[in-house]
Each structure stands twice: as C-alpha cells, then as structure tokens.
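The values are calculated or read from the model by the stated rules, or taken from the named source; none is laboratory data. Only a predicted model underlies this, so the values are computations on that prediction, with no experimental measurement involved. No Cβ is skipped: glycine too gets one built from the backbone with ideal geometry, and neighbour counts run over all protein chains shown.
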Amino acid sequence: MQKEWAQQEDGEYVVRTCGWSPPGDHPVGCGMKLHVKDGKLVKVEGDPENPITQGRLCIRCLSLPEYVHHPQRITHPMKRDPKKRGEDAWEQISWDEAWDIIVDKVNDIKAKWGAESIVVYGGTGREACLYYYPLGFSALQTPNVCYGQSGWSCYGPRCSVSDFILGAGYPEIDYAGFFEDRFNHPGWKLPEYIVLWGKEPLKSNPDGFFGHAIIDMMKLGSKLIMIDPRISWLATRADYVLQLRPGTDTALALAMLNVIINEDLYDHDFAENWCYGFDELKERVQEYPPEKVADITWVPKEKIVEVARVIANAKPCTFGWGLAFDQNPNGVQLGQAFLAIVAITGNIDVPGGVTVGPPAALLGKWRMDARSELTEELWDKRLGAKEYPGFATGMATTQPDVTLDTLETGKPYPLKMAWFNSTNFLSATCSAQPERWYKALLKMEFNVIQETFMTPTAMALADIFLPLPSFAEHDGVVITHYGRNTIFLGAMNKALNVGDCKSDIEVCIELGKRLNPKAWPYDSVEDFFDSQLKPELGISFNDLREKGVVNPPYEYKKYEKGLQRPDGEPGFTTVTGKVELYSVLYESWGDDPLPYYMEPPYSPISTPELFEQYPLILTTGARTFASFHSEHRQVASCREIVPDPIMEIHPETAKRLGISEGDWVIIENMFGKAKEKAHLTPAISEKVVHAQHGWWFPERKGTAPDLFGVFESNPNTMIPHKHIGKLGFGAPYKSIICKVYKAED
Ligand SMILES: Nc1nc2c(c(=O)[nH]1)N[C@H]1C(S)=C(S)[C@@H](COP(=O)(O)OP(=O)(O)OC[C@H]3O[C@@H](n4cnc5c(=O)[nH]c(N)nc54)[C@H](O)[C@@H]3O)O[C@H]1N2
Ligand SMILES: Nc1nc2c(c(=O)[nH]1)N[C@H]1C(S)=C(S)[C@@H](COP(=O)(O)OP(=O)(O)OC[C@H]3O[C@@H](n4cnc5c(=O)[nH]c(N)nc54)[C@H](O)[C@@H]3O)O[C@H]1N2
Ligand code: SF4
Ligand SMILES: [Mo]
C-alpha cells in the first residue's frame, strides 16, 4: 500500500519525516524528504508541505547522507576490557552478549553498592533527552541522572524559573505556529518588536523554536531588538542592538524595569490583577537607575531608556530569551527580571506576545510514571537535592557540581558505574574542567556509552559501546519544547537500515524488559507510541505518520479562563496564583525574593588584580550553522564551512597583541587554556573575545592521551566548577576573563 509518508518515486524510495537526532539537533522537527536508492540515503531535501518549515533546511540535514554512510561510523555493539580504556582494543559483539554483560554488571553493582552508585549522563535536547530519565529511573532504577554542565546551565534554569515565577511551561515567541493558517490566523497579531536577548535563533533553532520564524515576521513588518555583546548577521538587520558587557544582563533588565515603572509605561491591569509583589519590585528597581547601569553594562544610558520605552509601547512585543540567561550565576534573577518585563508590559499569553505552556507537559505522564518507579528512600539519595532544594525542585536530575565532587570524594557514597547516553562531554560541551571529570570517571568499575562514532569520551572511558541509528534509521516522535509548550508533534519515519543499531527508545524497552519488566510492557516502538499518543491526543502513531504533523489546540489568556492551573481556577500555577515579581519560592530557599544584580565572579570589578593579568572578557559557545556542539566535525561538508576552532577578536585588540587574521592563538586564564584560530572582526567589542566550544579532531590519533586532541582547543578548561548561583543554577561559561597571545607554532 502506498502511504502518504513513504512513496516510490523514479526508482527511489522517498520517506517524508521530521528531523531530530542523531546527529544532533533540538526538537525543531524540520520537514524533509529522505531519498533512498539501493539501500543508501542519497539525498535529503526540504519538504515544502511542512506547515512550519516550508522546505527550509540547514547544512546539517542536507549533509545527512555523509553522516549516515561515513566510513568511521560504528554500527555494531563492541566491548573492551576496562583495563584497556583509552586503547583501541575493541571487540565486536552481538546485542545479546552486550545485554548479558550489562545486566550482570548492573545487578552486581546494585547488590554491592546500591542502585544510587549508577549515574546516567545525558546531554542537551536530542531525542535521547526524552529517554535518558526513564533509562535511569525505571530501567536501571537509579535516582541519579546527570546533565553535567556546571549549574546545569542550559534551558533547565529558564524552565525552572518559568515554573517558579510564572507557573507555566517555557514562554516562547508567538509565531503563529499553533495555527494551520499560520500568519493569516484571525486571532493572531504581528508583533511590533521582537526582542532577542542572549539568543541567535537563526543559527541555534533552540528547543523547538524555528529561527526562520524571525525572518518570516520581519518580512511582515516586525522590527528587531538584539541584546548581545556580539553583532551577529541578524543584529545588522535590527533597529536596536544593545552591545552589553557579557554577564551584566540582570543589571540591564533592572534598569529597563526602572524606566518602564517610573515612567508609568506598564500595563496597570496586568500588574495589579495578575502579578504579586509589584510594589516591592518598584522599590527594588530604584536601586538601578539607567546612568548607574550604563557604567555596569557599557550600554549608553540613552539607549537603555529608549529601548525600554520602545518595548513598553510596542503592542504586542515578543521576546526570545537564550542561553546567556543560563550560563550566568546571576541567571535566576535575570530570568525573574526578564519575565517581569514581559508580564508588566502585558505580553504574556496574548496574540503576538509570548505563548506559555499549559499545566501538564504533553507526553509527560509516562515520564512522570517512570520516576515513580523509585522508592522515596532512593529518590532522597539524589545527588545535590539536599544542598540545592530549589534546583532539585526544578530539575529531576542530580546537581552536576555536587556530582563531580561525589565522583572525586566518594561522599556521601561511592559512585561505581557511568552510562553515557547523549554526551561526548570530555569535549568542551557538558563538562567544565573536563580533565577533572576524565580522571574521576576513569575510576568507575563499569562504563557504557551509546554513540554513533568513536568520540573522545567513548575512547577514553567506555567498556561497552552501543551503536545508535541516525534519525533516518529509526521511528520516533518529535515534540517541540519537549512537551512543555508544544507547537507541534511530528512523526520521525525510518527510511533505511544501516548495520545493527538500536535507538534510545529501543534500548530503553529492551533493557527495561530485562531489569524491570513490569514498567516496560511495550511490544514494539509503535506500541509504545500508541500508548503515549492515544490517551492525550486520541491518535495512534500511524495516524501521526499519515498526518505528518499535529498541532495541539492553543488558547490565549489561559490565566483568565482557568486553563492555566491544574485545578481549573483562574491565575497561574505559583504559590500565590500570580506571576511572582516577588518570589515566595526563592525566599523559601534562602535567596532574595526580588531580582538583584551580581557581578560575574571574575571581572574588572570583582577581581581587579586578576584582571590586570587577564585583561580581556571571554564569552564562549555562540552557535554555528555547521556543527551541533561536538558533532559534525567528521562531516566534510560541515567541516569545510568551519574547518578550525575560531576565536573572535577586535582588529584593534589584535593589532596591539601582534595577532593577524588566521593566526593560531592561545586563550588563557588562571584555570586553563585553549588554542584557537583568530578571526578579526569589529562585530565584537575591543574588550571582549569569543571562543568556540565543542572541538575535537576526528582525523587525529584517538587513543589516550591524545584522545583526538580533545583537551587542546577546549575553552571549558578555563571555566571553574565553583561559581554557581545560590540556588544551584548557572555558571560563568559566557563571562570569564582571559589573556590572548600568539601560539608558538
Ligand atoms: N547549530 C547549532 N544549533 C544549536 C546548538 C549547536 O551547538 N549548534 N546547540 C543547542 C543548544 S544546547 C542550545 S542551549 C542553544 C543555544 O542557542 P542560543 O540561545 O541562541 O545561544 P548561543 O548561540 O550560545 O548564544 C546566543 C548569543 O548570545 C550572545 N552572548 C554571549 N554572551 C552573552 C551575554 O553575556 N549576554 C547576552 N545577552 N548575550 C550573550 C552570543 O554572542 C550569541 O550571539 O542552541 C541549540 N542549537
Ligand atoms: N564553553 C562552552 N561550553 C558549552 C557551551 C557553551 O556555550 N560554551 N554550551 C553548553 C550547552 S548549552 C550544552 S547543552 C552542552 C552540550 O553538550 P552535549 O549535549 O553533551 O553535546 P556533545 O558533547 O556534542 O555530546 C552529544 C553526543 O550525543 C550523541 N547523540 C546525538 N544524537 C543522539 C541521540 O539521539 N541519542 C543519543 N543517545 N546520543 C546522541 C552525539 O553523537 C554526541 O557525541 O555543551 C555546553 N558546553
Ligand atoms: S534546524 Fe537544521 S539541523 Fe535542525 S532539523 Fe532543521 S534543518 Fe535539520
Ligand atoms: Mo544547551
């Protein structure tokens, strides 16, 4: 039978799908057609009929055939003697043998050390991030699932702040994605201004937000405000660019609130009826007049005032908040101040403002049930939960900085096994101070990794290697914003088979059946998705495949209609039922209930003596089109676009330091150093440099100690694991100090 999503066309087999991972991406679910000929993926093209992405694709998906059929890809399970970690001493095994080894080891470690001695490590929002929690909680049955970035500085803080302050799922730019008729939908309004704060979504397409939506709305007339220390391509098309000193965003937000409140530009109805603590906030922002904040942030006073007025007067105004909120120990306050701006300017849950998620996450019940597989006693052992109750309330994971301490000290209990599910974290990705993690993880008794290629992390640490299929090779469901504010669900359809790989959900089901069968009754992946989709959306997995994408219904102003709270009352799901400009929860965890500015831990102001030695401010990790963190480094078409680790420096600064375009330089501070190639650009301030993250060199020697050069161009050696925010969130990845000099060879 010819199906909508899989058709024969001119001797080729063409499968329509929505992309996710591997290789890496967030759940944007771009629509594409996969062309398969003679068992090989030969071409990927955009699907013009996808209502959101309308045929647009970026290089990472266009080059998918190179990834899928790459000669270095690993497509069979392998084992290695733990004594030979770091050596190329792998032996191919069957899945049955892999399961036997894993099940025996897991049972043995649990009997000797307790289930809590097992930690599952996962990375950012790839498809795996739906499954590594259940893999930990209900297959391996450990309470310890760890996302290793210091202060878990990615999206988690923004989601937690949204829960604490707003009692709602992640607030996102309203680009009419919910509606079939998109921008023509009669209930939708075009935002007058779009504010992009510490976010560059054209390159990052983060968490389910399709960056081209910004361009779509600009074509219709929306104007742009960028808040970013670098001037990106998008910023050159903006009406306003606030080029601030990295890490000082909270001061800027407080000064904007100062202007909006003191000039009486706020939405009185929303502030009076739906916010808690307006008067206290009004008092607090008096401490942040624009002239004082201009000194802190380097943004001229007049510009702060003008942009605050523009934001308050735009009806509606929409806002995107990015990674710069999370990679900042003051980020929890930044999120609070930002949401206060969005709230008191009347832009929450209104057409063309920001959308907020309903009370329950889509496809969330199963994920919650997975957690209830653990006894209270085990759950209480979750690492970092006692030290950081705020963090532990927001996140189901361990607190990563505490996890590293535990790995090193064996306190409060020893850790014995690591399962790396979707992180190559020795590269400058999920770990800060990667050499500390490396040493600590070498002490584990048993390590398992699921991967597609031999990464530095796999080579350094794994004893069992379980191969993953790319998203062209397995079935799945892509769900934007992971269910917390979902614009659409899309079907991921398997187009071909390569080797003997198993996807994350297949691994969960097969391992779950062996270790905890009652929690894993599913006969197949299709059966699993039917059990998820039918109760919540009334459709089967096959229905979703036929439709391609499904939009859940969306309603604006849910807080007025009793649709935002699970109890059906009007208001928000916070302690006070209102948007908490004054946070009762922050206060209960010992932090200030009102937003305040805190200097970055290392800066001209916090550490003036150190700044004399390290006189530049370093920000890191701005995304590029051609890689997803440490991925795509072996894909020739991607590598051609970004062949080397690039650092950006202003031409005047470079001249002073004797550095020319293309020179290899060392970026160094009191914690470590990284070698990158200089790119001179006036788009960065003279006092700031930017370094790329996520580099390793698949073409180099992989065995230890080289490990594909993973520690050489690794800016995370310069980020210490000790300056997280008071509630356990945020670390200074985007604002540290450094010096730069020309490398010797
Ligand atoms: N192609 C590609 N896409 C990705 C990823 C990838 O690796 N590659 N990674 C994914 C992940 S995990 C994430 S979290 C998202 C992140 O995506 P975004 O939220 O867009 O974050 P970044 O690209 O890190 O940075 C965005 C902007 O913040 C600016 N910035 C740096 N320091 C500061 C600061 O102190 N304040 C302010 N206001 N701005 C600052 C940078 O100059 C940059 O232009 O991207 C996702 N998408
Ligand atoms: N200096 C600096 N460091 C940073 C950042 C920064 O801005 N500056 N950004 C940080 C951020 S926000 C993040 S989120 C982290 C990202 O860090 P991670 O998410 O840990 O990224 P990677 O290290 O690339 O590891 C991901 C691995 O997962 C594999 N993978 C891909 N798809 C799948 C899948 O579907 N299933 C499974 N099981 N595996 C898969 C890939 O092959 C890859 O090797 O990096 C952080 N590091
Ligand atoms: S944003 Fe780019 S990499 Fe991600 S699914 Fe879309 S086309 Fe692919
Ligand atoms: Mo991230």
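Return yes when Leu220 is farther than 27 Å from Cys61 by Cα, without any contact (Cβ under 8 Å) to a residue 60 or more places away in the chain and either within 16 Å of ligand 4 (Cβ to nearest atom) or not assigned by TED's automatic domain parsing to the domain that holds Thr486 (or both) and no when it is not. Reasoning before the result, please.
Values: farther than 27 Å from Cys61 by Cα: yes; without any contact (Cβ under 8 Å) to a residue 60 or more places away in the chain: yes; either within 16 Å of ligand 4 (Cβ to nearest atom) or not assigned by TED's automatic domain parsing to the domain that holds Thr486 (or both): yes.
Against the criterion (farther than 27 Å from Cys61 by Cα, without any contact (Cβ under 8 Å) to a residue 60 or more places away in the chain and either within 16 Å of ligand 4 (Cβ to nearest atom) or not assigned by TED's automatic domain parsing to the domain that holds Thr486 (or both)), Leu220 qualifies.
Taken over the range 365-411, residues that are touching a strand residue (DSSP E or B) at 6+ places or on another chain (Cβ under 9 Å) and among the aromatic types (Phe, Trp, Tyr) amount to 0.
Filtering the range 304-338 to residues that are charged (D, E, K, R) and more than 16 Å from ligand 4 (Cβ to nearest atom) leaves Glu306, Arg309, Lys315.
Residues in the range 709-742 that are in contact (Cβ under 8 Å) with a residue 24 or more places away in the chain, farther than 10 Å from Leu618 by Cβ and not in a loop (DSSP other than H, G, I, E, B): 4 in all. Filtering the range 391-447 to residues that are of a type in the set (A, V, I, L, M, F, W, C) and assigned to a loop (DSSP other than H, G, I, E, B) leaves Met395, Ala396, Leu415, Phe425, Leu426, Ala428, Cys430, Ala432, Met444.
Taking helices (runs of 4 or more DSSP H) that do not extend beyond the range 297-390, which have at least 3 residues that are in contact with a Gly (Cβ under 9 Å, 6 or more places away or on another chain)?
Details: elements: 301-313, 331-344, 365-371, 376-379.
Correct list: 331-344.
If I filter the range 473-489 for residues that are in a strand (DSSP E or B) and assigned by TED's automatic domain parsing to the domain that holds Gly394, do I get at least one hit? The answer is no; no qualifying residue exists. Among residues of the range 510-525 being in contact with a Ser or Thr (Cβ under 8 Å, 6 or more places away or on another chain) and assigned to a helix (DSSP H, G or I), the one that is farthest from Ser540 (Cα to Cα) is Gly512.
For the range 610-652: of the residues being without any contact (Cβ under 8 Å) to a residue 60 or more places away in the chain and farther than 30 Å from Ile74 by Cα, which is surrounded by the fewest Cβ atoms within 10 Å (Cβ to Cβ)? Looking at the filtered set, the residue picked out is Glu612. So which residues in the range 400-441 are among the hydroxyl-bearing types (Ser, Thr, Tyr) and either assigned by TED's automatic domain parsing to the domain that holds Ala691 or touching a Lys or Arg at 6+ places or on another chain (Cβ under 8 Å) (or both)? Correct list: Tyr413, Ser422. Filtered by the rule that a residue be assigned to a loop (DSSP other than H, G, I, E, B) and either within 11 Å of ligand 3 (Cβ to nearest atom) or hydroxyl-bearing (Ser, Thr, Tyr) (or both), the range 624-637 gives Thr624, Phe625, Ala626, Ser627, Phe628, Ser630, Glu631, His632.
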